């Protein structure tokens, strides 16, 4: 069909050219284009199935994936599909070379505004990725009271310096390696910048305080601090406010906690189908459940850091489960803790399936996850219908009030003229 159309187009152009009875170069160029289209269509038709593609070449490692639009012929039907061709995976040797390079560069990459890692008094730059390196990093601190896994210095630092061991997990595709960096942290250069930081510093100073007095240090972060208790309040007024607050809290405290728990439960339930479908996709891709959890957690943390994602209670629990496994807790126990923290039956079912997979193998896991995914999406539809019904009921009151206003507008003139 394409060949016939191309031939007719070239013939029409030729006839029009001849009718003009001129040697116009423009008509000549148009005829050549039409002739080229006919030749290409003819060659494509003659090539037949032998001219079809059997594969697409991947980009070199590090160049990223690329989208490709393909035409497919199925039972004499033409269809168009766009696929994403991934980059060529790194070899083990190439991954090892990148590990060596980034380990040499890490002391300079994380230094920030500090002079050296033996005297750290400003926040370090601990990132999950660094420009120029295709390696993903996950940081852990041996003492979170001194410096956390983002590189922020806390207020539990000894004036003479606290020794901390930073551990970082380097990951590139399926290959990972652990690396350690020893640093010495001194009190932050400069005092607290806000009341929140000052409150945090006081909590850390009194973390192990079991004495009769709450300690108020003379200096924080190398800066002197003077403390005074704020006064001037009327005791009777304070007592009255306390009584009112107690009455309000009596009615509001339990409902707020219940509301927060319901919001968290709703967020966990809404995220469950996507989590199961993600695990199923990774399983079909040949990735085991542990690596699937790690990838889901890393993708979430990366998008959360860039602001693409909001905080998700379900994915936060996945991150905690990954950290449990990286700290030496068995997979089965990590899945059990993961389900216990969520508190929902659906997550307990998922934990049981993953635990059975560790004991019996992954033979039936895909089928079980497919069934769980189907039931989860059906449950989401049911919840959506219920939410729609509740919303329609909530609209009845404002609609009724609007009806009363309309009736009043219509009837008021009649009463005034009587």
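The values are calculated or read from the model by the stated rules, or taken from the named source; none is laboratory data. Everything numeric here is computed off the predicted structure, so don't read it as measured data. Cβ: placed from backbone, ideal geometry, glycine included. Neighbour counts: every protein chain shown.
Does residue 369 count as in the same structural domain as residue 293 (by TED's automatic domain parsing), in contact (Cβ under 8 Å) with a residue 60 or more places away in the chain and either on the phi < 0 side of the Ramachandran plot or in a helix (DSSP H, G or I) (or both)? Yes.
What do you reckon, is residue 300 touching a helix residue (DSSP H, G or I) at 6+ places or on another chain (Cβ under 6 Å), surrounded by 16 or more Cβ atoms within 10 Å (Cβ to Cβ) and closer than 22 Å to residue 172 by Cβ?
Details: touching a helix residue (DSSP H, G or I) at 6+ places or on another chain (Cβ under 6 Å): yes; surrounded by 16 or more Cβ atoms within 10 Å (Cβ to Cβ): yes; closer than 22 Å to residue 172 by Cβ: yes.
The answer is yes for residue 300.
Residues in segment 104-125: is at least one under 14 Å from residue 171 (Cα atoms), without any contact (Cβ under 8 Å) to a residue 24 or more places away in the chain and not in a strand (DSSP E or B)?
Just the residues of segment 104-125 that are under 14 Å from residue 171 (Cα atoms), to begin with: none.
No: segment 104-125 contains no residue that is under 14 Å from residue 171 (Cα atoms), without any contact (Cβ under 8 Å) to a residue 24 or more places away in the chain and not in a strand (DSSP E or B).
From the list 326, 265, 316, pick out the single residue that is over 23 Å from residue 170 (Cβ atoms) and in the same structural domain as residue 377 (by TED's automatic domain parsing). On inspection, the qualifying residue turns out to be 316.
Any idea how many residues of segment 158-174 are crowded, with 19+ Cβ neighbours inside 10 Å and either in contact with a helix residue (DSSP H, G or I) (Cβ under 9 Å, 6 or more places away or on another chain) or modelled with pLDDT of 90 or more (or both)? Walk me through how you get there before you give the answer.
Going through segment 158-174, the residues crowded, with 19+ Cβ neighbours inside 10 Å turn out to be 162, 164, 166, 168, 170-172.
Checking which are either in contact with a helix residue (DSSP H, G or I) (Cβ under 9 Å, 6 or more places away or on another chain) or modelled with pLDDT of 90 or more (or both) leaves us with 164, 166, 168, 170-172.
Selection size over segment 158-174: 6.
Of all residues in segment 126-170, those that are closer than 25 Å to residue 104 by Cβ, touching a residue at least 60 places away in the same chain (Cβ under 8 Å) and outside any strand (DSSP E or B) total 3.
Checked against the criteria, residue 379 does not count as touching a helix residue (DSSP H, G or I) at 6+ places or on another chain (Cβ under 8 Å), within 20 Å of residue 316 (Cβ to Cβ) and modelled with pLDDT of 80 or more.
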